[in-house]
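See below for the structure under consideration.
The values are calculated or read from the model by the stated rules, or taken from the named source; none is laboratory data. Please read these numbers as outputs of a predicted model, since none were measured by experiment. Cβ coordinates were reconstructed from backbone atoms using ideal geometry, including for glycine residues, and neighbour counts include every protein chain displayed. Protein only, heavy atoms only, side chains kept; ligands, DNA and RNA dropped before computing areas. Shrake-Rupley method; radii C 1.70, N 1.55, O 1.52, S 1.80 Å.
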Amino acid sequence: MKLPPRQEWRLALVTGLSTGFAVLSPLPDGYYMPMAITAVMAGSYGGSYALGRQRLLGSLMGVAILLVCQSGLRLPLPLALGIALTLTRLLGGALGLQSGYKVAGFIVVMGWLVHSSNLSSWIPLRLGWTCLGIVVGLLAVRWIWPSRAIQQQNDGCRRLMGTIAAALREEGQRLGSPLAPAASPGERRRRHRQDLTQLVALRQGRPAAITELGLNPARQPLHHLWQLCDATFSLLLGTLDGLRSLPPPLLSPSALVELRMAEVRLLEAMAQRLEGWQTCRFAQDEPLPSLTASGRQAGLQSQALALAALRTCRELLHSPAFELVPNVRQRQVARRLMLLEQAAEGLETMDRRWQALQA
């Protein structure tokens, strides 16, 4: 029997304790506190912070619309309530609220239809319990089995580095095996979708991580590193998809065999560089992940291997023996080498900019 994930245990624990506290409290309307906790507690602190901000802004907007419309609109109740809800939706869209306007609409409807006789006491209690629930939810996400979007983003980058490194090494093994067939179109599309799914999941979690960076994330080195990773991963995934679509290389003449082995060394060098980056570790007191000593050494070695392999590939591509190859095969070989050069240049650019960010 598989146990529920710890996020669900945390939600059940905090919501249960807050419900008990609200029931035992002498103040009425305490159920708004566990409602706010349930709505706010997302998978990470950054996501919870964004949801809490939306709920607080929506609550304040709903209270303002309720007070203005109830006292200012001298119209039949259905028409006045419809105008108030329309105004809620319009203002919510103008403020960029994705879920907060629903809370505002709930406050407008409940305040107008149920609590119209005691708004002076219901509104402070509603806002107070909501604020308390938001604070408790944020503290729980941060201190009870912490879920930090920054850590999740860094871990996701490392996992994708490992996935791409394994795919590059597998492509090198395919080139190194003379009789290895090219992947079928269906298999190639399936693997490309799997790789893209990881990249999309990484992008979807980035807004919450950016929220955790503070008020000015564009000035944080870690934000720029994530952008570098995103661009490099996109380039490498496109390179892999292009390499998988090419047929296996020819076994003759001998220059093509040498070229193929040089390409294998280049793929292995790129995989080693990605695996070296995987050794980075994130600490709370560091501005961005830093490479370990072994990771730097592996990066330097893989860089030397990649440069040597690229130099060999260029020399063989312009050798007289290559002119004997049919034109169709020449284009395929040139395309494969172009893809490899783009990938190697992308890795070199990322390494150089990563070091610049740490300077």
Residues to consider are 138, 91, 132; find the one that is under 16 Å from residue 10 (Cβ atoms), in contact (Cβ under 8 Å) with a residue 24 or more places away in the chain and hydrophobic (A, V, I, L, M, F, W, C).
138
Please give the number of the condition residue 161 fails out of (1) surrounded by 21 or more Cβ atoms within 10 Å (Cβ to Cβ); (2) under 28 Å from residue 80 (Cα atoms).
(2)
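Out of curiosity, is residue 132 out of contact with any Gly (no Cβ under 7 Å at 6 or more places or on another chain), among the hydrophobic types (A, V, I, L, M, F, W, C), buried (at least 23 other Cβ atoms within 10 Å of the Cβ) and within 29 Å of residue 207 (Cβ to Cβ)? Spell out how you get there, then give the answer.
Values: out of contact with any Gly (no Cβ under 7 Å at 6 or more places or on another chain): yes; among the hydrophobic types (A, V, I, L, M, F, W, C): yes; buried (at least 23 other Cβ atoms within 10 Å of the Cβ): no; within 29 Å of residue 207 (Cβ to Cβ): yes.
Spelling it out, it is not the case that residue 132 is out of contact with any Gly (no Cβ under 7 Å at 6 or more places or on another chain), among the hydrophobic types (A, V, I, L, M, F, W, C), buried (at least 23 other Cβ atoms within 10 Å of the Cβ) and within 29 Å of residue 207 (Cβ to Cβ).
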Which numbered condition residue 147 fails, given (1) assigned to a helix (DSSP H, G or I); (2) open to solvent by less than 20 Å² (accessible area, probe 1.4 Å):
(1)
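Yes or no: residue 54 closer than 14 Å to residue 100 by Cα and within 27 Å of the chain's Cα centre (by Cα)? Lay out the reasoning, then the answer.
On the way: closer than 14 Å to residue 100 by Cα: yes; within 27 Å of the chain's Cα centre (by Cα): yes.
Considered against the rule, which asks whether it is closer than 14 Å to residue 100 by Cα and within 27 Å of the chain's Cα centre (by Cα), residue 54 comes out as yes.
Just to be sure, is residue 66 at pLDDT 85 or above, open to solvent by 60 Å² or more (accessible area, probe 1.4 Å) and in a helix (DSSP H, G or I)? Can you show your working first?
Numbers: at pLDDT 85 or above: yes; open to solvent by 60 Å² or more (accessible area, probe 1.4 Å): no; in a helix (DSSP H, G or I): yes.
Taking the combined requirement at face value, the residue does not satisfy it.
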Take the conditions hydrophobic (A, V, I, L, M, F, W, C), touching a Ser or Thr at 6+ places or on another chain (Cβ under 9 Å) and at negative phi and apply them to residue 107. Does it pass?
yes
Would you confirm, using the coordinates I've provided, whether residue 201 is among the small types (Gly, Ala, Ser) and modelled with pLDDT of 85 or more?
yes
Sole miss for residue 96 among (1) of a type outside the set (Ser, Thr, Tyr); (2) touching a helix residue (DSSP H, G or I) at 6+ places or on another chain (Cβ under 6 Å); (3) not in a helix (DSSP H, G or I) is condition (2)
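Taking the conditions exactly as written (open to solvent by less than 50 Å² (accessible area, probe 1.4 Å), modelled with pLDDT of 85 or more, within 30 Å of residue 223 (Cα to Cα) and in a helix (DSSP H, G or I)), does residue 52 satisfy them or not? Walk me through how you get there before you give the answer.
Working: open to solvent by less than 50 Å² (accessible area, probe 1.4 Å): yes; modelled with pLDDT of 85 or more: yes; within 30 Å of residue 223 (Cα to Cα): yes; in a helix (DSSP H, G or I): yes.
So residue 52 passes the test.
From the residues in region 274-287 that are open to solvent by 10 Å² or more (accessible area, probe 1.4 Å) and either part of a helix (DSSP H, G or I) or at pLDDT below 60 (or both), which one is nearest to residue 356 (Cα to Cα)? Even if it seems obvious, please write down each step before you answer.
From region 274-287, those open to solvent by 10 Å² or more (accessible area, probe 1.4 Å) are 275, 278-279, 281-287; that's our starting set.
With either part of a helix (DSSP H, G or I) or at pLDDT below 60 (or both) added as a condition, the list becomes 275, 281-287.
Working: 275: 20, 281: 18, 282: 17, 283: 19, 284: 20, 285: 19, 286: 15, 287: 13 Å.
Filtering first and then ranking leaves 287.
Being under 29 Å from the mean Cα position of the chain (by Cα), touching a residue at least 40 places away in the same chain (Cβ under 8 Å) and surrounded by fewer than 16 Cβ atoms within 10 Å (Cβ to Cβ) narrows it down to one residue among 116, 99; which is it?
Details: 116 fails: under 29 Å from the mean Cα position of the chain (by Cα).
Of the residues listed, the single one that is under 29 Å from the mean Cα position of the chain (by Cα), touching a residue at least 40 places away in the same chain (Cβ under 8 Å) and surrounded by fewer than 16 Cβ atoms within 10 Å (Cβ to Cβ) is 99.
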Name the residue, out of 75, 27, 17, that is assigned to a loop (DSSP other than H, G, I, E, B), open to solvent by 30 Å² or more (accessible area, probe 1.4 Å) and free of Cβ contacts under 8 Å to residues at least 12 places away in the same chain.
75
Tell me which of these residue 125 doesn't satisfy, since it passes every other one: (1) surrounded by 22 or more Cβ atoms within 10 Å (Cβ to Cβ); (2) in contact with a Phe, Trp or Tyr (Cβ under 8 Å, 6 or more places away or on another chain).
(1)
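Would you mind stating whether residue 3 is modelled with pLDDT of 90 or more and either over 25 Å from residue 147 (Cβ atoms) or open to solvent by 40 Å² or more (accessible area, probe 1.4 Å) (or both)?
Working: modelled with pLDDT of 90 or more: no; either over 25 Å from residue 147 (Cβ atoms) or open to solvent by 40 Å² or more (accessible area, probe 1.4 Å) (or both): yes.
Judged against the criteria, residue 3 is not a match.
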Scan of region 217-268 for residues that are modelled with pLDDT under 75, assigned to a helix (DSSP H, G or I) and surrounded by fewer than 16 Cβ atoms within 10 Å (Cβ to Cβ), ordered by number:
254, 257
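Residues are listed down the side, and each one gets a yes or a no for (1) touching a helix residue (DSSP H, G or I) at 6+ places or on another chain (Cβ under 8 Å); (2) of a type in the set (Gly, Ala, Ser); (3) in a helix (DSSP H, G or I):
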position	(1), (2), (3)
104	yes, yes, yes
109	yes, no, yes
128	no, yes, yes
132	yes, no, yes
142	yes, no, yes
152	yes, no, yes
164	yes, no, yes
169	yes, no, yes
